[in-house]
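Trainee: Please find one structure pasted underneath; my questions will follow.
The values are calculated or read from the model by the stated rules, or taken from the named source; none is laboratory data. This structure is a prediction, so every number in the text was calculated from the model and none was measured. A quick note on method: Cβ atoms are made from the backbone with ideal geometry, for glycine too, and the neighbour counts reach across all protein chains shown. Note: areas computed on protein heavy atoms with side chains; ligands, DNA, RNA excluded. Shrake-Rupley method; radii C 1.70, N 1.55, O 1.52, S 1.80 Å.
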Amino acid sequence: MKLDLKFAKPEDAAELAELRVLAMRPSLEKIGRFDVERARQRLLGNFVAEYTRLIKLDGLLAGFLVQRPQDNDLLLDHFYLHPDFQQRGLGSAAIELALAEADALGKVIHVGVLRDSDANRFYLRHGFVLRAVAEFDNYYLRYPQSDK
């Protein structure tokens, strides 16, 4: 199994928007907020290829993440795996690569997560701490880690 994070190209946007719809549908349906077009536009409305990394497993598109600059920090704006690639440890492997890059830069990472999503446990396991709770989302941050 070979996992890679590759930079996206502008022409990847539509395919990634569809992947986002597939990945988010169960969580959004659970809270009665699923809307296909809104789910697509949430990505397409501010897609920047240079901040987007494709998660490739043995050359296949398994998911993607978007880390964009936010002041002196990073915002993990999107992180999705195609349903066929979930529950296999791939998300943990991909986030560890992204976290190592942020640590090397000394950057704090911010992320917002649907309140009822299983992703909350995922981020807590990976060193994020809860900083705020809103109507639909929990907001976390992760401070840079250094080798001790």
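Trainee: Which is the longest part of the chain that has none of the chymotrypsin sites (Phe, Trp or Tyr not before Pro) sitting in a DSSP loop with at most 16 other Cβ atoms within 10 Å?
Mentor: Values: sites that count: Phe34, Phe136.
Longest run free of exposed loop sites: 35-135.
Trainee: Setting aside same-chain residues fewer than 8 positions from Lys9, which aspartates and glutamates have a Cα under 15 Å from its Cα?
Mentor: Result set, ordered by chain and number: Glu50.
Trainee: Accessible area per residue for the chain in Å², computed with a 1.4 Å probe and the full protein assembly in place, what is it?
Mentor: 57
Trainee: While we're looking at this one, here's another question. Summarise the accessible area of the stretch 5-148 (1.4 Å probe, protein heavy atoms) by the percent that is carbon and sulfur.
Mentor: On the way: 3970 of 8030 Å².
Exposed carbon and sulfur together represent 49 percent of the surface.
Trainee: Please enumerate, by chain and number, the aspartates and glutamates with C-alpha under 19 Å from the C-alpha of Lys56, excluding those fewer than 8 residues away in the same chain.
Mentor: Asp4, Glu11, Asp12, Glu15, Glu18, Asp77, Asp84, Glu96, Glu101
Trainee: Out of all Cα-Cα pairs in the chain, roughly what percent, to the nearest whole number, are more than 24 Å apart?
Mentor: Details: 3132 of 10878 pairs.
Distances greater than 24 Å cover 29 percent of the Cα pairs.
Trainee: Then there's this: In the chain, which whole DSSP H runs stretch at least 20 Å along their own axis (Cα) and average -0.5 or higher on the Kyte-Doolittle scale?
Mentor: Numbers: long enough: 13-30 (26 Å, 0.15); 90-105 (23 Å, 1.18).
Membrane-span-like by this criterion, though nothing is claimed about a membrane: 13-30, 90-105.
Trainee: To continue, here is another question. Quote the charge dipole size of the chain about the Cα centre in Debye, to the nearest 20; the model charges only the Cβ of Lys and Arg (+1) and of Asp and Glu (-1). Spell out each step's value before the answer.
Mentor: Working: 21 positive and 22 negative charges, 55 e Å.
The calculated dipole for the chain is roughly 260 debye.
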